[in-house]
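Report on one structure; see the data block that follows.
Readers should treat all values here as calculations from the given coordinates under stated rules, not as data from a laboratory. Computed from a predicted model, the values in this text were never measured in an experiment. In this analysis, Cβ positions are derived from the backbone assuming ideal geometry, glycine residues included, and neighbour counts consider all displayed protein chains.
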Amino acid sequence: MLRSSKFYFKVVVSSSCALVIAVYLMYLGRGNNFFFDEWMFVVSRRGLSVDALLSPHNGHLSALPALAFMVLLKFFGLDHYEAFRFAAVIVHVLVALMASLLIRKNHGWSIGITVFVVIGLMGAGWQNIFWGFQIGFMGSLFFFLLSLYLLDHGRAQNGNISFLLSSISLACSLLCAGLGVAGLAVIAMLCLFSADRQRTWWIPVGPALMYAMWYLKYGTSQAKLSAADGVPLYASESASGSAAGLFGVDQIWGALLIGALIYFCARLAIRRGLTLRSVALIAFALVFWTMVGLSRTVVWEPNASRYLYVGIVALIVGIFDLIFVSRPVNRWALSQKVGMVLVAFLAVWGSHASLVQGAQWLKNEGDIVGAELAVVEMHRDTIDPSIAVDPLHAFMLPVGAYLSAVDDLGSSAAIDPQELPIASEQARLGADLLLNSLVKPQTMSDSAMCQVENQPEGQIQLTPGSTVVLKVLQVTAYGISRFAPQELSRAGMQSIEAGLFQIDIPADVVEVPWTLTFENPTDVRICDM
Amino acid sequence: MWQGTNWDFGYGSLGYESLVSYIMKVDEKQSTLLKWFGVGIASLLIGIYLFSLTARNTFTFDEWMFFTDRREFSFHALVSGHNGHLSIVPAFVYIFIFKTFGYADYEVFRLLAVVVHLLVTLLAADRIRQRHGWAIAAPIGIALALMGGGGENILWGFQIGFMGGLLFFLIAWRCYERSLETSNLTWPLWTMIAVCLSVGSAGTGIASILVMFFLTIRTPQWKRFWWVSVIPGVMYAAWYVRYAGSDNATSAIQAIPAFVARSSSSSVSAIFGIDHIWGQLAIGALVAYSIHLVRSRKATRSTLAMPIFVLFFWLATAYGRALMGNPDSSRYLYIGVFGILLSVSESVTTTQWTRIHAAKMVKVGVVVMSALAVWGSHSQMRFWSDIHLSLSETAVGQLSIVEAHRNSIDPATIIQTIGPVPVLLAGDYLAAIDAIGSSPVQDVRELVSAPRQARLAADDILLSFGFARVVGTENEFVNCVSQPESQNLISVEPGGEVNFVVTQEVTATMARFFDLYSRGINDQVLEPGNYVALLKPDTLGGSLHVQFSDSSAVMICE
């Protein structure tokens, strides 16, 4: 059957939008590096094994993202983070696509493509979009939406294949992250409490059994029932944060929007206009917020970007589902479509600053760790393998584990050591922090080593590979810096007792001298050797 | 049963149906009377309770400005602005009470605040009763009367002006509705007078001009009623041009929407004493409901009157205070709570709850919600009670010292402040009490038995002004043989002094009315040398106690 030119127009426009958004997001996320939880996967889930696939990550079943990381590490190694970013962007675009498809079937293409653009450029969700690790979280959402879409499709077309695919998608959602449990609850509600339950009851059963078996073997409960009293507040803050995040405005405006939504739902409920399907996405969001509230109330972060992402997608699709059941005639007038485009523009415009800032923040984190890893690799034989690469930015990455990953994969996530002097200030400070761990004053007992004593200036320059002998007259403090100013040093000044000390400055491929700073130069003498 | 003796004498001419109708009417009248009697009893009990929460209070904060500047009837005293508000009504009331009762009877102001609050509540509850019946109005009325969120207004005499703006607006609204039922000028005249009083009470009343204008403009009654809003409006404009000090020069327009949103949502939260987020959700739902009403053309001028009043109040407050005020302030919440509840009451119809079961459920729901509102917000009421009591006791302690040492104190000494702004100088205070012939602390005889906070404040001011002190001296002392006796302390009677020598460094702690052992902030380190501990004479009772960290280092001289 030949398609109409209108169809091809829509395909071209939709594809172009997807391409432009993907390219733009890749551009914004340029220069990123592995971040936080990703290092856990790099360190402990490189090789294919049952444990590597099924071990929980913060309580989540993460088999599919673990598998994706294994494959990506195998093919691209540590020096092509672009591949991981690309994966995240693709999954994100797929989420936007699924959301727009769910909306398109009830509201038409123009509304669907508008929603696609809004979700595609959703600033509040930057953490998921630019962080490769979040393919699991977004993947779980994507597979849930796909499962829902296939369930709807199966019901409309009377097709068991769609139901089977819906069940498989739901299983994939569970295999991606704990978010899939919320999806399972909603799909189960839709299948078990619907009029056609005799045809659909089995859809959630397989995934549920699979998850139950995994949970019995590997699962650890993150939820705390003692946190139940905080859940309503957590959920309401999450909801209002999501509504506010959509437009990039203060949380109070989000709360007002959620209040309006509650009124809208209540009115529909009173008029018996609500259906199970129409509240599926809202129920999904509520279950998700409840789960997070139960497990994360100690770390109170309902407005964390990764959670807002899920909330925003669920709210957008959920609101359109409610609009669908509330309108006797489901046709959008031109003025309404224009109004929708205007609202979409406001959402993209208002939240875009978050998108840019989020990308910049992640890049900064990547720069810091990349510079530190350069130091680790330059001094791989002398640096303590048990210390963390960075106690703040990569505390879960021990030096030894990283070096074995480098050897194993034959690639590195470090920046070129020659770029250290021109790296960002935060990156240079991170590099200096590690270099400090390499330099320890050694006590000397032979006072004859110090023949001629010179009082130093406040700072002295030391070439790599050199040695200096200090005579400390009374307790004072010293600092070591190389790429960043000592005043900003993260290591700060170290205390040193009175005595004779030898300091060996390690040699490496960078010719930048080291700087030794004294708190009180009059308390120190430099010995000629 | 009804075949009683009256049948033969009084009602013999009535038919059976007429008799039943008559009895029902009598029952209805009795029932209504009984209900109003209940309202009276409830108001009395609540009034007594609220009055008891302010026992021992005296003037605080802005009241001191009225205390010193508005004690005589004069044109300037009446029409001068107070923080940008036209306050002719509260100024008149304060001057009248000062002239009638003096400064010694703060109870009158406390009582007035409670009465004004109860009148506002009764008028609001009666509006609710007219639309929804007793069963819904009564619990809401009780919740409003005991509304902890508005405690600052209810428990502070000065806020009769702020509450008065709302009170006279409600009266004006009622008068306007009555005037629609008649053709004479009496009710319109009362309406205009009430609007004038509302505007003259505080800035809260300005919205009443706008609402009256809105209710009358482009209606068939416009020709009859135009002056009801225009005359007060012109009068207010004239006052504003001449007297209003604009304190909103630094206002940022962009801060207004958020301020209004926070004010409104905090008002809803304040009803139940819960977190702001719930109020925000509720306001969102109310906004959606309002949009629905407007879109479905169910909104009438009457249903929009209260929303306009409260919205204008929030906007005006935001305009003046967005950058320096607190949208959660109790005095703003008070207006917001009444505004929101009355807005909802005026726009909601309960006629759709035709089924008895549903109607009962609604009533039970309102009772439960009202109980939760009282329960949840009551801690706020206690909070404001404690705050005012603490401030009052502090003032009593300070002013007792000021009066006792009036000849020794610099008239420019600042006694009371609001934040960094001085509101009461010693000279102004003494001039005021001399002029009126009474004082807020005239009944204080012995500060030693005064409340803890009053004693603490008295000691602080006594020591900081140097009326009680330990000073070094060059004088030579003789017969320095005895040491402080019990508890390492010496006592100095009012008007007396004690000489002593310190042989090695000691710390001296001083107190007169307060517990010497509960503090340490008046500690004074004394180097070796000769010292005099002195206390200026007064009639406040008690002695100055000076306690030393080491009594062996102190020798008392004759």
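What the table below lists for this structure:
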read-out: Gain on full stretching of the segment that runs from residue A:229 to residue A:519 - 0.36 nm per residue minus C-alpha separation; value: 99.1 nm
read-out: Test item: Cα-centred dipole of the stretch B:461-557, Lys/Arg +1 and Asp/Glu -1 on Cβ, debye; value: 260
read-out: Label-point separation, residue B:300 to residue B:79 (7 Å along Cα→Cβ), nm; value: 4.0
read-out: Two-site FRET efficiency, residue A:24 against residue A:411, from Cβ-Cβ distance with R₀ of 25 Å, rounded to 0.05; value: 0.35
read-out: Cα-centred dipole magnitude for chain B, charges only on beta-carbon of K, R (+1) and D, E (-1), debye, nearest 20; value: 3900
read-out: Dipole axis of the stretch B:142-231 (+1 Lys, Arg; -1 Asp, Glu on Cβ), positive-most option in B:142, B:200, B:228; value: B:228
read-out: Cys residues of chain B counted as unpaired, since no other Cys beta-carbon is under 4.7 Å; value: B:175, B:196
read-out: The stretch A:365-435, dipole about Cα centre (Lys/Arg Cβ +1, Asp/Glu Cβ -1), debye to the nearest 20; value: 80
read-out: Segment residue B:448-residue B:29, length gained on full extension (0.36 nm per residue, minus Cα span); value: 145.1 nm
read-out: Anchor residue A:224: aspartates and glutamates whose Cα lies under 20 Å away (excluding residues fewer than 8 positions away in-chain); value: A:237, A:301
read-out: Residue A:178 long-range amide H proximity, modeled H, under 5 Å; value: A:61
read-out: Sum of side-chain charges, residue A:368 neighbourhood, beta-carbon under 12 Å (Lys, Arg +1; Asp, Glu -1); value: -3
read-out: Cysteines not pairable in chain A (beta carbon separation under 4.7 Å absent); value: A:17, A:172, A:176, A:191, A:265
read-out: ³J(HN,Hα), Karplus 6.51/-1.76/1.60, whole Hz, each residue of the stretch A:52-62, x for Gly, Pro; value: 4, 7, 9, 4, x, 10, 6, x, 8, 6, 10
read-out: Residue B:549-residue B:414 FRET efficiency (beta carbon distance; Förster radius 25 Å; 0.05 resolution); value: 0.15
read-out: Point-to-point label distance, residue A:473-residue A:440, nm (Cα→Cβ direction, 7 Å offset); value: 2.9
read-out: Separation in nanometres of the label points that stand 7 Å from Cα toward Cβ, at residue B:226 and residue B:483; value: 9.4
read-out: ³J(HN,Hα) computed for each position of the stretch A:166-175 - Karplus, 6.51 cos²θ - 1.76 cosθ + 1.60, integer Hz, glycine/proline x; value: 4, 5, 5, 4, 4, 4, 4, 4, 5, 6
read-out: Amide hydrogen neighbours beyond the local backbone of residue A:476, cut-off 5 Å, H modeled; value: A:496
read-out: Too-long pairs where the Cα-Cα distance tops 28 Å, listed order kept, from A:6/A:337; A:74/A:440; A:10/A:363; B:25/B:223; A:10/A:337; value: A:74/A:440; A:10/A:363; B:25/B:223
read-out: Taking the stretch A:13-363 and dividing mean pair separation by its residue count, relative contact order in percent (alpha carbons under 8 Å, at least six apart); value: 23
read-out: FRET efficiency, 1/(1 + (r/R0)^6) with R0 25 Å, evaluated for residue A:425 and residue A:380 via beta carbons; value: 0.50
read-out: Counting all C-alpha pairs of chain A, share separated by more than 47 Å (%); value: 25
read-out: Integer Hz, Karplus 6.51/-1.76/1.60 couplings in order for the stretch B:408-424, x for Gly and Pro; value: 9, 9, 5, x, 7, 5, 7, 9, 10, 9, 10, x, x, 8, x, 10, 8
read-out: Long-range amide H partners of residue A:387 with built H, under 5 Å; value: A:399, A:400
